[in-house]
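Heads up, the thing below is written out as structure tokens.
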Amino acid sequence: MNAPAIPALITQRKDLIQKFAALGSLLCLTIAFSLFSNAFFSVGNAMTIALQVTSIAYLGIGATCVIITGGIDLSVGAILALSGVVAAMAVKAGAPVPVGMLGGLLVGALCGAVNGLCVTLLKLPPFIATLGMMLVARGVALQITDAKAIGGLGDSFAELGNGSLFRVVKMGADGFPDVLFIGIPYPVLLMALVAVAVSLLLNRATLGRHLYAVGSNTEAARLSGVNVGGVTLFAYVLSGTLAGLTGCVLMSRLVTAQPSEGLMYELDAIAAAVIGGTSLSGGVGTISGTVIGAFVIGILRNGLNMGGVSAFIQQIVIGLVILLTVWIDQIRHRR
Amino acid sequence: MPSAPPLIVHDATAKSPQAHGDAPSVVGQGATAEGAPLLTLAGLTKRFPGVLALDGVGFDLRRGEVHAVCGENGAGKSTLMKILSGLYQPDEGVILHKGQQRRFATPLEAQAAGIAMIHQELNLVPHLSVAENIYLAREPRKGWFVDRERLRTDAQRCLDRLGVAISPAATVSSLSVAQQQMVEIAKALSLEAEVLIMDEPTSSLTESETQQLFRVIHELRAAGVGIIYISHRLDEMVGIVDRVTVLRDGRHIFTGDFANTTIDEIVVHMVGRSLEDKFPPRCSTPTEDVLLSVEGLRRDGVFGPVSFTLRRGEILGFAGLMGAGRTEVARAVFGADRHDAGTVSLGGEVLRIHSPIDAIRQGIAYVSEDRKAQGLAVKMPVAHNITMTNMRAVSGRFGFIRFDQETQVAQQYIDRLDIRTPSTHQVARLLSGGNQQKVVISKWLFRESKVIFFDEPTRGIDVGAKYAIYQLMDELASKGIGIVMISSELPAILGLTDRVAVFHEGKLTATLETRRTSQEEIMHYASGRTSTAV
């Protein structure tokens, strides 16, 4: 007789169901939208979606790490605006594009570090610490730009957001270029890279294991010799840095730096993580889940757009999807 | 602890005009005018997986009586009280309430029958006023709104009945613990409670606050309320308790008039001779080598100064009552809590320990008391919990975890400690208590420490798992590891340790050779009676 074996089986099954629930809904959405619109199921549109999803995915990956430790980061939308604006201003002031963007990343990391220190040293609740940062970063971004967009950044600034790898273009006989393969946009490539790297970190590295330990039981982690403060700080710095990256990529894509860019993006990021099975109570979450979650949101938006559904209805649908998935998560934890 | 017991005249009627004339106040007399006792418990049995928490316990509570229930930790007091207050259902046995058989499915049902419990951790809402707390969820209404005037006057009447000077408008968080307790009692009275269960009511009260509580208890008794009084402080019971019941290992051992029983007798009943605890023979003998030396360790207001030594291969017991400071001392040595003064040296070298990270690096481990809160990452797999303290040992190049090695390590401990789990990747939460404890212990074995503190290592786990853990401790000691075992189970202390350090209210009152001591002697030092003829 082995009593614990039975709940164990159920657990594993339920975890699978959760994974499949997200992936399955992704497939269902794809099929449904493909039936309604021919334009939806095409390589071109797939790349468009992937490109649109990148912002949510970068931020969602950061959010996942923070949420795994039992925290929350509300400041990423504002940080991405500040980082993008700083990068653009640096380029405007004559810095080479890579240096300017590195500056943007550093600003993101710094904001993340301040978040982390507020949580670990000042013992502020993460919600409050990052809410403060959200206001401060947005305010600084608006102040230093006079709330004006920064344009005229040049082609090299646009490269990161608009360039792509393996783009095949043939000059047509009529003198117009003919795009045979639109290529893999750099932001999509970067998303894959970040996802794989953070996934490796979470699953294979000691630091990642400690992130889960802190979120699962902070006191047990501390008594096991885990540097709880350091681990928590890392999560916020990572989230801030990824917000900085998002800012650079987004502003590059638009070739304009908007201090009001990225409003409410933090909520998309958290939604992506939650749809992907990350538990807001900490200790549970995967990058693959979050990327799936980001795609669910992206495909919903894209598909509904193509179907001519108004932006308001889109909000309603996405809101309902979030409620549904979190409800499923609750059921999973109630057993 | 004050040695002089509170001397209170039994006649409290002069002070309590509301006392009913029919309230019997004669110690140890029979049932009430109505015949049946307030409560009669018979054959109460409660089983938990692997543990028989209560085994046929029965006694009765009369009107206007203060009935003490004593027993060591784990004797079954809490389980019994939880059954009475409707939190648990007994597996067997009956509760007769005024002669009628009752079953309380929920605390609300018990409350409706007039049974109220004052918990050790008070259940008040700190940000609400006294009056709002007393009438929480049954506020007097005026239409849609709370009738604030009546709320205040009703609450005032309750407080007046107790004769305490607390304003009904005061916010609960601004009150002292003693005052909050009075509010709890007032709340119970407002529910027309006839049976009041008090769990360690004096544990956080000062001497004068205790006196005030006793005055209130006297008045309640005079008013015919039956009080079940749970306490570790036997000395304190003189002059307040009418009868005493002793539980041990879930069984009813003794009930008698307090006046005809000496405290020593009660202690003997409490410790008794446990038949269920078996201990493996000690294979090892401690060396003379001092391994760990703690000197003058102190944390203001919590414990100390405390000094003790631990030899290589020795098992040192920390005995004492709950709250005596044993855990606090261990946690301070381990760096989990700060200390204000004192030194810790290991192998003659003074250590600077500011956090568990420092302690672990030096080879000190602490198996925590509350495994769910402090020991286990419950959402993580067994394997991840086991390797948590020593990730480097299962990591390869670039700090990447080697899963094959990790699984192998986990499997090794699962086999060695006989951890019942379907796989190394089972989520720790789904294991039974004993197996969870073995996972926590594995975690520290994998770290290969020189000194291990075991804080209540066998609490809440079954006899078989207990034996395995004792055996393991002996095995570790034979390898030269120094072990400190904090335990409230005296048989375990006597059966396993080489020496016993006895704590009382933050101070080390005695260090005894286990071979030359007895449960009675330990209990005497643990209750703070430094000079005793045993």
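The values are calculated or read from the model by the stated rules, or taken from the named source; none is laboratory data. This is a predicted model, so every value here is computed, not measured. We place every Cβ from the backbone using ideal geometry, glycine too, and count neighbours over all the protein chains shown.
Summary of computed values
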item	result
Pairs, first within 14 Å of another protein chain (Cβ to nearest Cβ) in the stretch B:341-357, second of a type outside the set (Asp, Glu) and part of a strand (DSSP E or B), C-beta under 7 Å, six or more apart	B:ILE353/B:VAL344
Filter pass, B:LYS466 being assigned to a helix (DSSP H, G or I), crowded, with 23+ Cβ neighbours inside 10 Å and either within 12 Å of chain A (Cβ to nearest Cβ) or out of contact with any helix residue (DSSP H, G or I) (no Cβ under 6 Å at 6 or more places or on another chain) (or both)	no
Some residue of the stretch B:86-94 being over 29 Å from B:GLN436 (Cβ atoms), over 20 Å from the mean Cα position of the chain (by Cα), at pLDDT 90 or above and not in a helix (DSSP H, G or I)	yes
Residue satisfying condition, being closer than 19 Å to A:ASN227 by Cα and within 30 Å of the chain's Cα centre (by Cα), within set B:ASN385, B:ASN435	B:ASN385
Search result, residues across the stretch B:287-333 that are surrounded by fewer than 24 Cβ atoms within 10 Å (Cβ to Cβ) and among the acidic types (Asp, Glu)	B:GLU288, B:ASP289, B:GLU295, B:ASP300, B:GLU328
Number of positions in the stretch B:392-402 that are facing another protein chain (nearest Cβ under 9 Å) and surrounded by fewer than 13 Cβ atoms within 10 Å (Cβ to Cβ)	2
Residue list for the stretch A:29-68, filter: of a type in the set (Gly, Ala, Ser) and within 20 Å of the chain's Cα centre (by Cα)	A:ALA46, A:ALA50, A:SER55, A:ALA57, A:GLY60, A:GLY62, A:ALA63
Any pair with Cβ under 8 angstrom, 6 or more apart, that starts in the stretch B:363-384 at a residue that is facing chain A (nearest Cβ under 7 Å) and surrounded by fewer than 20 Cβ atoms within 10 Å (Cβ to Cβ) and ends at one that is at pLDDT 85 or above and assigned to a loop (DSSP other than H, G, I, E, B)	B:ALA373/A:ASN217; B:VAL378/A:ASN217
Tally of residues being at pLDDT 85 or above and under 18 Å from B:GLY163 (Cα atoms) across the stretch B:195-210	1
Residue in the stretch A:308-320 that is within 30 Å of A:ALA88 (Cβ to Cβ) and free of Cβ contacts under 8 Å to residues at least 12 places away in the same chain present	yes
Filter result (within 26 Å of B:ALA75 (Cβ to Cβ) and assigned to a helix (DSSP H, G or I)) within the stretch B:184-233	B:GLU184, B:ILE185, B:ALA188, B:THR210, B:LEU213, B:PHE214, B:ILE217, B:LEU220, B:ARG221
Whichever residue in the stretch A:218-240 is buried (at least 24 other Cβ atoms within 10 Å of the Cβ), among the polar types (S, T, N, Q) and in contact (Cβ under 8 Å) with a residue 24 or more places away in the chain and, among such residues, is farthest from the other protein chains (Cβ to nearest Cβ)	A:SER239
Unmet requirement for B:HIS252, which otherwise passes all of (1) without any contact (Cβ under 8 Å) to a residue 12 or more places away in the chain; (2) assigned to a strand (DSSP E or B)	(1)
Residue in the stretch A:241-251 that is over 14 Å from the mean Cα position of the chain (by Cα) and surrounded by fewer than 20 Cβ atoms within 10 Å (Cβ to Cβ) present	no
Every pair of residues 6+ apart whose Cβ atoms lie under 7 Å, when the first sits in the stretch B:80-107 and is within 25 Å of B:ASN123 (Cα to Cα) while the second is among the acidic types (Asp, Glu) and assigned to a strand (DSSP E or B)	B:MET81/B:ASP199
Candidate set: the stretch A:252-269, residues that are part of a loop (DSSP other than H, G, I, E, B) and hydroxyl-bearing (Ser, Thr, Tyr); chosen: the one nearest to A:LEU323 (Cα to Cα)	A:SER260
Check on B:LYS438, closer than 21 Å to B:ALA365 by Cβ, in contact (Cβ under 8 Å) with a residue 24 or more places away in the chain, not assigned by TED's automatic domain parsing to the domain that holds B:GLU295 and not β-branched (Val, Ile, Thr)	yes
Residues (in a helix (DSSP H, G or I) and among the acidic types (Asp, Glu)) located in the stretch B:329-376	B:ASP358
Residue match in the stretch A:320-333 (condition: loosely packed, with under 13 Cβ neighbours inside 10 Å, part of a helix (DSSP H, G or I) and within 14 Å of chain B (Cβ to nearest Cβ))	yes
Residue list for the stretch B:90-115, restricted to those being loosely packed, with under 15 Cβ neighbours inside 10 Å and either of a type in the set (D, E, K, R) or in contact with a Phe, Trp or Tyr (Cβ under 8 Å, 6 or more places away or on another chain) (or both)	B:ASP91, B:GLU92, B:ARG103, B:GLU109
Condition met for A:LEU242 (of a type in the set (A, V, I, L, M), within 24 Å of A:GLY293 (Cα to Cα) and part of a helix (DSSP H, G or I))	yes
Residue match in the stretch B:132-142 (condition: over 25 Å from B:MET270 (Cα atoms), part of a helix (DSSP H, G or I) and within 21 Å of the chain's Cα centre (by Cα))	no
Candidate set: the stretch B:485-534, residues that are part of a helix (DSSP H, G or I) and polar (S, T, N, Q); chosen: the one modelled with the highest pLDDT	B:THR514
One residue from A:PHE312, A:PHE295, A:PHE234 being outside any loop (DSSP other than H, G, I, E, B), aromatic (Phe, Trp, Tyr) and under 15 Å from A:THR54 (Cβ atoms)	A:PHE295
Residue list for the stretch B:246-286, restricted to those being among the acidic types (Asp, Glu) and buried (at least 19 other Cβ atoms within 10 Å of the Cβ)	B:ASP249, B:ASP277
Positions within the stretch B:406-457 being more than 13 Å from chain A (Cβ to nearest Cβ), buried (at least 20 other Cβ atoms within 10 Å of the Cβ) and of a type in the set (Ser, Thr, Tyr), in sequence order	B:TYR413
Unique residue being closer than 13 Å to B:MET117 by Cα, buried (at least 19 other Cβ atoms within 10 Å of the Cβ) and either free of Cβ contacts under 8 Å to residues at least 40 places away in the same chain or out of contact with any His (no Cβ under 7 Å at 6 or more places or on another chain) (or both) when the list is B:ALA222, B:ALA193	B:ALA193
Subset of the stretch B:255-285 that is under 20 Å from the mean Cα position of the chain (by Cα) and part of a loop (DSSP other than H, G, I, E, B) - its residue that is farthest from B:ARG221 (Cα to Cα)	B:ASP277
Among the candidates A:VAL196, A:VAL179, A:VAL214, residue that is surrounded by fewer than 16 Cβ atoms within 10 Å (Cβ to Cβ), within 14 Å of chain B (Cβ to nearest Cβ) and β-branched (Val, Ile, Thr)	A:VAL196
